[in-house]
Amino acid sequence: MRKVLWIALREFLAIVWTKAFLFGLLFLPLMIGLVAVAINLMSDDDFRAAGRIALIDPTGRVTAEARQALDSNAMERNLAAEVRENAPPGLEGAADGAADVIEALDLGPDFTLVQLPTDADLDAEKAMLLSEDPENALLALVVIHANAIEEPDATRPFGSYDLYTAPNIDERESGAVRSMLREAIVDLRISAYGLDRGTIDRITRVEGGQSITVTETEEREAFEGMSFILPMAFMFLLFMGIMGGGQGMMTSTIEEKSSRVVEVLLSAVSPMELMAGKLFGHMSASLIGMTIYLVAGLIVLGSFSLLGLLDPMLIVYLFLFFFIAYFTIGSFMLAVGSAVNELRETQSLMMPVMIITMLPWFLWMPISRDPNSTLSVVSSFLPPISSFGMMLRVSSTEPPPAWQVWLSIGVGVLGVYLVLWFAARVFRIGILLTGKPPDFRTLMRWVRMS
């Protein structure tokens, strides 16, 4: 056992002191940082629509209403109401605070509205859209339809408006113009029917109610989106830990075999001690990376006061299923690495392993949506994907009974024993063989021979 631990320590140190390992740990935070920078570059915080808008308004009312809407910060009120309405359960207080801040801001467009006579020369006004004189140039020209506010009769629809814009107008500016006109026309239509816009807004506004998940043992507050995010997060942690360590273990085995370093190692330890040491060493390095990402995720949940929505047993299950999945997939990869001489020779032998690792991603959505379906139950008891299937089920909104979880763990442990038995026999023969890479028939013959 001491030799196994020395091999494991050697493999562990060889991994964690490499630039690739450090880059792998920093890759996700780096990507999150790049996404944050990209979002900041695309942000509209520093943008404000501004310019002269000319309106030909035969109704005589739209221009005045639009000017009043601009002066009364309608955009801020609408945005604040949207923030309050879409507040997630449990975060209503924070949403109200954010909405109050938005209402105090001056986010609306800085438009100068110019009302033209109804008999204005349309072609002459269009020419002002191309003017290079900043004092006379127009950002947009709006022609309101005569029936934009009141219907001529019940069989004919409301009118609208025609919008003419300058060639260099920003789409955000044209969107602000359309939004301004829409608000003004809707307010006037509501008033024309003797109704009150504020009353209608209150009637049509539905506050986000509290969402509660009812289980056989408890009732707990639910957070919309957790049923989608949580299974995906645990799947990512499992996949990252297993594939990162497994790929590195296979690559290092191939390199040591091709450089004959493995012959020196086997002069001091047995093939089984070498195999076990590699498994434990690479698993320890993968465990560090997975733990770091897990802690980062818990910190993020805690910062949003959502940590209470996470069942602590999920973390226990994550590590248990990680060990099972790692020994299963890692043993396969170690067997492949010992059987070939170069990395390019692994393609045909790695195909079944890649199918096994990718299959849970195809099953992720069906299992998350219906954790108790026949497909979900079968996949959670079918090695070597049982760890992924059961992890998706326990992190869903309808977790399975505890006996199913522990039965899946037992089935996974049995699967690990069988895979280790297979990989050990392949490793014992393949680690010292050179020449033509084996196929599956040859691998099975090695197993029978040993």
Can you tell me the order of 386-393, 347-354, 263-270 when each peptide is scored by its average per-residue count of other Cβ atoms within 10 angstrom, highest first? 386-393, 347-354, 263-270
Positive end of the dipole of region 224-449, charges at C-beta (+1 Lys, Arg; -1 Asp, Glu), about the Cα centre: which of Ser252, Met390, Leu314 has its Cα farthest in that direction? Ser252
Given charges of +1 on the Cβ of Lys and Arg and -1 on the Cβ of Asp and Glu, with all other atoms neutral, how large is the dipole of region 224-449 about its Cα centre, in debye to the nearest 20? 660 debye
Express in nm, to one decimal, how much length is gained between Leu306 and Phe319 on full extension, taking 0.36 nm for each residue of separation and deducting their alpha carbon distance. 2.5 nm
Taking amide H positions as placed 1.01 Å from N in the peptide plane, with prolines and chain starts having none, which residues 5 or more places from Gln115, or on another chain, fall under 5 Å of its amide H? Leu55
Under a Cβ-only charge scheme (Lys and Arg +1, Asp and Glu -1), can you give me the dipole magnitude of region 125-184 about the Cα centre, in debye to the nearest 20? 200 debye
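Just so you know, all these numbers are worked out from the coordinates, no wet-lab data involved. In this text, all values refer to a predicted model and were calculated from it rather than measured experimentally. Counting neighbours? That spans all protein chains shown, and the Cβs are built from the backbone with ideal geometry, glycine included.
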